[in-house]
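First the structure, in the form of structure tokens, and then the observations on it.
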Amino acid sequence: MEERYIASVDLGSSKIALTVARISGNDVQIVYYKETPSDGIRNSYVFNPKKASAPLKEAIAEAEKDLRIKILQVVVGLPKYYVKQESASGKVPRGEEAGCITEEEVENLKEMALESYPLNDEKNEVMYGAVAQSFSTEDSFQQVESDIVGMVSDYLEGNFKVFIGRRRSVANLDVVMNELGIAIARKYFLPDVVAKAVLTEEEMENGVALIDMGAGSTSVTIYKGKVMRHYGAIPFGGKTITSDIRTECGLSERLAENIKLAYGACMPDRLQNLSEKIIQINDENGVPLKQLPVKYLSEIITLREKEIIDSMLYLIEESGFADSLRAGVVITGGGANLLNCASYVTELSGYHVRTGYPRHLFSASGCTGVFETGATAAVGMVLAAKNDRLLNCLDAPILPPEPEPEPAQEPQAEADPVDALFHPGEAEPVETPAAKPEPAEPKLPRENFLIDPVEFGEEVPREPKKKPEKTPSRFAKMTKIIWGKVKSTGEELVGSLYDDMDKNNNE
């Protein structure tokens with residue numbers, strides 16, 4: 001099966017997440033994921049395309065170098081803030097001989113509803129998309145899309161939620177990509193793709209509110225009956241918490257962000273031993289500047305977090321589905337990583353709350369952070385784009401990285417073990433033979449070589465070893481001298497005994 005590649009870019013207020021995935025049929029393998037600090041982005045929309053394109057250019061160049069590819073087009077997400085939702089409807093006659101309702105008719109009805117919906121300010125507004133809420137025929141009312149297909153009716157009527165955004169926000173995305181010479185293949189409404197990457201079928205069926213805690217904006221998306229019923233967003237999030245820490249503690253923004261990521265937590269009364277810890281802050285030379293108690297840091301975070309959660313609960317109540325959320329609340333996004341965040345939402349709302357990570361609808365290896373809450377938007381766009389069989393963002397397949405050349409290993413002559421045994425510590429330095437040209441004579445058999453040619457790449461003839469001349473040891477010399485004296489003494493003793501015997505015989 002032919003492979004395709006999808007590249008997605010998540011332009012966030014604090015980071016840019018670039019993802020590259022290999023698509024083979026229904027199999028999705030993420031081969032690259034990396035986050036880069038962003039610039040020129042505020043409340044999830046690009047307000048300065050020139051600043052926003054600089055870090056994105058570096059991120060794309062790094063990915064192309066690592067994967068040895070060329071990215072021609074990408075899929076991106078639309079801003080989450082400055083989005084309003086309106087209700088729209090459409091109705092088309094079918095006739096008695098039209099037969100069963102088809103998926104194509106449903107799609108045509110959606111397009112007609114979008115085209116016919118009047119924008120209040122066409123110069124500054126643009127349609128982000130529409131979500132079908134229900135369909136009706138002369139016999140059935142409030143039917144979902146999966147049930148209406150296949151029914152027979154004289155007419156087809158649909159009710160939709162239409163999402164409208166700022167035209168300038170969308171146009172700035174095109175400006176950023178034009179600066180880089182990369183085309184935009186698709187633009188996705190992020191609340192929908194994030195929900196499908198995080199929520200389960202049961203949660204969307206029974207009713208759930210998905211709170212996406214981003215850096216520049218926080219949004220809530222409500223699902224019921226597997227249909228997105230409501231959406232709302234506020235223009236502050238994790239960056240506001242960082243700003244509070246910076247202001248209250250007199251720190252730089254970068255240091256405040258690092259402290260939040262390392263020690264950030266909600267509900268200071270539940271920190272136990274962590275609340276007793278104190279963060280020592282030093283300057284560049286290691287000189288102590290100030291001390292920051294973790295409990296005080298948690299109090300700063302909790303106050304701002306309460307404001308964010310209360311705003312989300314207000315949007316849920318305003319939707320009219322507050323009493324229909326049988327599956328409770330799911331929190332995701334980078335802000336969901338704060339310690340005790342889920343418990344704090346439960347305490348304020350009374351709902352069952354869980355933290356939403358990307359569902360295991362794909363495989364990935366060596367991609368740090370791709371299974372974290374902050375990667376849900378980038379992963380969601382890849383999963384949404386995989387259904388487009390004609391979409392391919394690369395001009396060539398990904399090649400394995402070129403292996404770095406290993407330094408040449410020069411063979412060394414072996415030291416003579418006999419010489420080393422009799423003269424320890426006095427072995428002469430071994431000279432490394434210079435590389436020799438390949439001899440013209442035929443090569444000797446393999447068993448006549450000292451070094452394995454496969455390992456070292458050079459064949460060195462074995463030189464015959466000369467047996468060392470054995471030198472009598474000191475012990476042998478002493479033994480010979482003692483034995484000589486013993487022998488001479490014994491001969492003298494035996495001679496004297498014979499003389500005594502001869503003398504006695506004579507007497």
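The values are calculated or read from the model by the stated rules, or taken from the named source; none is laboratory data. Just so it is clear, the model here is predicted, and its values are computed rather than measured. Backbone-built Cβ (ideal geometry, glycine too); neighbour counts: all protein chains shown. SASA here: full protein model, heavy atoms, side chains in, ligands and nucleic acids out. Shrake-Rupley method; radii C 1.70, N 1.55, O 1.52, S 1.80 Å.
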Meets criteria (open to solvent by 50 Å² or more (accessible area, probe 1.4 Å) and at pLDDT below 85) for E404: yes
Give the residue, chosen from G350, G320, that is without any contact (Cβ under 8 Å) to a residue 60 or more places away in the chain, of a type in the set (G, A, S) and open to solvent by 60 Å² or more (accessible area, probe 1.4 Å). G350
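I'd like to check something: does the stretch 43-65 contain any residue that is at pLDDT below 85 and over 24 Å from D192 (Cβ atoms)?
no
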Meets criteria (open to solvent by 30 Å² or more (accessible area, probe 1.4 Å), of a type in the set (F, W, Y) and not in a helix (DSSP H, G or I)) for Y82: yes
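Whether any residue in the stretch 303-323 is polar (S, T, N, Q) and under 30 Å from K224 (Cα atoms) is what I want to check.
Among the residues of the stretch 303-323, at least one is polar (S, T, N, Q) and under 30 Å from K224 (Cα atoms), which makes the answer yes.
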In the stretch 304-317, residue most open to solvent (accessible area, probe 1.4 Å) [restricted to those that are within 14 Å of I222 (Cβ to Cβ) and in contact with a strand residue (DSSP E or B) (Cβ under 7 Å, 6 or more places away or on another chain)]: L315
Within the group I279, I301, which residue is under 30 Å from A378 (Cα atoms) and either surrounded by 15 or more Cβ atoms within 10 Å (Cβ to Cβ) or among the aromatic types (F, W, Y) (or both)? I301
